[in-house]
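Take a look at the structure set out below.
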Amino acid sequence: MVPLRRHEIPVRATIIKMHMFLVNKYLANGDFNKVKARLVADGRDQDHEMYPDKPSPTVAIHTVFMVLGLACQKRWRIVVKIDIKGAFVQTPMTGHQIFMKLDPKITKYAREMCPEFDDFIWRDGCLYTVL
């Protein structure tokens, strides 16, 4: 993440608002393990004509219930969950620059990790970056 001062962003540039989702992760025995975070773009700024097919389900709900039903009926069956690492492939970005606006709450966390960002925080408490 490269912080920018607001005036360094071109006037007609698209600035995408961002949100952070936090999830508590637990070990198999129920003990707390860690907090995972994901920074995602605000879909309201998306060009709807560019992406007409929005859904991207990872699993159909009827498949989940079918597997659970089989597991209940066939006691000898074992059901497991597999987490595929690297499912979100990071592709190099090409084309025009993409700018992000981090809201004040996320900016606060970024500031705690990188105090050098203080000089880049805008009057509205937001941090602007380029991807």
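The values are calculated or read from the model by the stated rules, or taken from the named source; none is laboratory data. What you see is a predicted model, and the numbers here were worked out from it, not measured in a lab. When we count neighbours, we look across all protein chains shown, and the Cβ atoms used for this are built from the backbone with ideal geometry, even at glycine.
Being surrounded by 11 or more Cβ atoms within 10 Å (Cβ to Cβ), in a loop (DSSP other than H, G, I, E, B), modelled with pLDDT of 75 or more and not acidic (Asp, Glu) is true for just one of 71, 13. Which residue is that? Among 71, 13, only 13 is surrounded by 11 or more Cβ atoms within 10 Å (Cβ to Cβ), in a loop (DSSP other than H, G, I, E, B), modelled with pLDDT of 75 or more and not acidic (Asp, Glu).
Taking every residue in segment 1-28 that is over 22 Å from residue 117 (Cα atoms) and pairing it with any residue that is modelled with pLDDT of 85 or more and not β-branched (Val, Ile, Thr), at least 6 positions away or on another chain, the pairs with Cβ-Cβ distances below 7 Å are 23/36; 24/32; 25/33; 25/34; 25/36; 26/32; 26/33; 27/33. When the residues of segment 92-131 are filtered to those that are over 12 Å from residue 6 (Cα atoms) and of a type in the set (Val, Ile, Thr), the one that is surrounded by the fewest Cβ atoms within 10 Å (Cβ to Cβ) is 94.
For segment 29-42, the set of residues classified as free of Cβ contacts under 8 Å to residues at least 24 places away in the same chain, small (Gly, Ala, Ser) and out of contact with any Leu (no Cβ under 6 Å at 6 or more places or on another chain) consists of 30 only.
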